[in-house]
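The values are calculated or read from the model by the stated rules, or taken from the named source; none is laboratory data. What you are looking at is a predicted structure, and each value in this text was computed from that prediction instead of being measured. Here Cβ is always computed from backbone atoms with ideal geometry, including for glycine, and neighbour counts include all displayed protein chains.
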Amino acid sequence: MRLGLNLGYLSGPDVRDQIALAQEAERLGYSVVWAAEAYGSDAPTLLAWIAAQTERIDVGSAVMQIPARTPAATAMTAVTLDAVSGGRFRLGLGVSGPQVSEGWHGVRFERPLQRTREYVDIVERALRQEKVAYQGEHFTLPLPDGPGKALRLMMRPVRERIPIYLASIGPKNLELTGQIADGWLSVFFAPEHAAESMEPIRAGREQAGRSMDGFDVVTTVPLVIGDDVAACADEVRAYTALYIGGMGSREQNFYNRLAVRMGFEQAATEVQDLFLDREYRAAAAAVPQEFIDRTALIGPPERIRERLPAYAEAGVTTLTVAFTGGAETLQTRLARLRDLAEAVDAAGLAE
């Protein structure tokens, strides 16, 4: 099982801390560092900055938002990042959610599966340096009855294939991920409920005539190391409540639905009600300790070491850690990266 680091979003002047974390992850043998975007910092700029100050570790978007860019623009960004990093870029894509897609990007959040399928198809054609002519439900290239013509990407890719990952949660989206992607970006992954997610992916792989060999199952897991398990869980509560309660509307929140499928229906409803009523502290307090324990790595090093085999047995190939507590110092986070690497080695799981 490989290790990854998810830096999340860039918030203000902390880019030097992000670089320090990426460089330490590289020194420790982590395989990839990811950056995210919502409606603040963008992922490609941060990844380019990290790639310039590292040598071996891969850089990946988790995720670049599909509604934010045309497929052609994403292909251009991917090929450029792969070139400047020396072939170290991984392209992670996701449809975001209705609030960001429609409220920030002005793109209707409709038929996201079909949009994703067409989007990835166009990106792959561009990266193969084909002349891109496309007739889809969401995308038409070139536009009809105009001066446009089918064009070919001017820049030759460094690698024959840039790996494409999809962030997906629902069963149909997971199946699509298995069909068309090289890897899956998961969140709130609980090894005890892995089959609910892995089976649709396997079904998609089979439909595409592929096996799970080489398919990268990436899960982002909050990491908090300390002797007091309850106190460690408290560092994750606000983050968890934000996703279960506030990432989307009451009617359309994929993370809330995931919690329901995991058996936390009553708690998911309570967290969402409190969050949408702007009772943020109460929403965080309402997140069950059991949910956090299943979806995060918390507690002393030996407790985390004992938990790691469950992820490997569930099919995770890249365990990516994230830091969610705002009170953590850079030195604390660096120490946690080292502690996790040692725990993986001690558990005999390091690749």
message = Taking the criterion of being touching a residue at least 24 places away in the same chain (Cβ under 8 Å) and at positive phi, would at least one residue in the range 129-152 satisfy it?
response = yes
task = From Glu328, Glu302, Glu279, Glu313, grab the single residue that is surrounded by fewer than 22 Cβ atoms within 10 Å (Cβ to Cβ) and under 22 Å from Gln99 (Cβ atoms).
result = Glu279
message = Quick check on my filter: what residues within the range 255-276 are aromatic (Phe, Trp, Tyr) and farther than 15 Å from His193 by Cβ?
response = Phe275
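Rundown of residues vs (1) part of a loop (DSSP other than H, G, I, E, B); (2) in contact with a strand residue (DSSP E or B) (Cβ under 6 Å, 6 or more places away or on another chain); (3) not assigned by TED's automatic domain parsing to the domain that holds Glu175, yes/no style:
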residue	(1), (2), (3)
Leu91	no, yes, no
Gln99	no, no, no
Arg108	yes, no, no
Arg115	no, no, no
Val123	no, no, no
Ala126	no, yes, no
Glu130	yes, no, no
Gly148	yes, no, no
Arg156	yes, no, no
ask   = Under the condition of being of a type in the set (Ser, Thr, Tyr) and assigned to a helix (DSSP H, G or I), which residue from the range 174-206 is nearest to Pro163 (Cα to Cα)?
value = Thr177
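Could you tell me how many of the residues in the range 73-110 are small (Gly, Ala, Ser) and either exposed (fewer than 15 other Cβ atoms within 10 Å of the Cβ) or touching a His at 6+ places or on another chain (Cβ under 9 Å) (or both)?
Within the range 73-110, the subset small (Gly, Ala, Ser) is 73, 75, 78, 83, 85-87, 92, 94, 96-97, 101, 103, 106.
Retained after the next criterion (residues that are either exposed (fewer than 15 other Cβ atoms within 10 Å of the Cβ) or touching a His at 6+ places or on another chain (Cβ under 9 Å) (or both)): 73, 86-87, 96, 103, 106.
Of the residues in the range 73-110, 6 are small (Gly, Ala, Ser) and either exposed (fewer than 15 other Cβ atoms within 10 Å of the Cβ) or touching a His at 6+ places or on another chain (Cβ under 9 Å) (or both).
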task = Could you check the range 272-351 for helices (runs of 4 or more DSSP H) lying wholly inside it with 3 or more residues that are over 22 Å from the mean Cα position of the chain (by Cα)?
result = 280-286, 301-313, 330-346
request  = Within the range 180-214, work out how many residues are of a type outside the set (Val, Ile, Thr) and either touching a Cys at 6+ places or on another chain (Cβ under 8 Å) or in contact (Cβ under 8 Å) with a residue 40 or more places away in the chain (or both).
outcome  = 13
Residues of the range 158-173 classified as of a type in the set (Lys, Arg) and not in a loop (DSSP other than H, G, I, E, B), total = 1
note = Over the range 171-182, the set of residues more than 19 Å from Phe254 (Cα to Cα) and surrounded by fewer than 21 Cβ atoms within 10 Å (Cβ to Cβ) is Gln179, Ile180, Asp182
inquiry  = Among the residues that make up the range 21-39, is at least one of them assigned to a helix (DSSP H, G or I), over 13 Å from the mean Cα position of the chain (by Cα) and crowded, with 23+ Cβ neighbours inside 10 Å?
reply    = yes
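For residues in the range 1-20 being part of a loop (DSSP other than H, G, I, E, B) and in contact (Cβ under 8 Å) with a residue 12 or more places away in the chain, which is surrounded by the fewest Cβ atoms within 10 Å (Cβ to Cβ)?
Keep residues of the range 1-20 that are part of a loop (DSSP other than H, G, I, E, B), which gives 1, 7-14.
Checking which are in contact (Cβ under 8 Å) with a residue 12 or more places away in the chain leaves us with 1, 7-11.
Working: Met1: 19, Leu7: 25, Gly8: 20, Tyr9: 16, Leu10: 20, Ser11: 11.
The extreme case among them is Ser11.
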query = Just to be sure, is Thr54 over 29 Å from Asn253 (Cα atoms), buried (at least 17 other Cβ atoms within 10 Å of the Cβ), assigned by TED's automatic domain parsing to the domain that holds Pro157 and more than 17 Å from the chain's Cα centre (by Cα)?
reply = yes
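Quickly run through the range 202-260 and pick out the residues that are among the polar types (S, T, N, Q) and either under 25 Å from Val344 (Cβ atoms) or not assigned by TED's automatic domain parsing to the domain that holds Gly315 (or both).
Thr219, Thr220, Thr240, Ser249, Gln252, Asn253, Asn256
Taking Ala68 as the residue in question, decide whether it is under 21 Å from the mean Cα position of the chain (by Cα), of a type in the set (Gly, Ala, Ser) and under 23 Å from Leu7 (Cα atoms).
yes
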ask   = Is there a residue being over 18 Å from Leu319 (Cβ atoms), among the β-branched types (Val, Ile, Thr) and touching a helix residue (DSSP H, G or I) at 6+ places or on another chain (Cβ under 7 Å) anywhere in the range 17-28?
value = yes
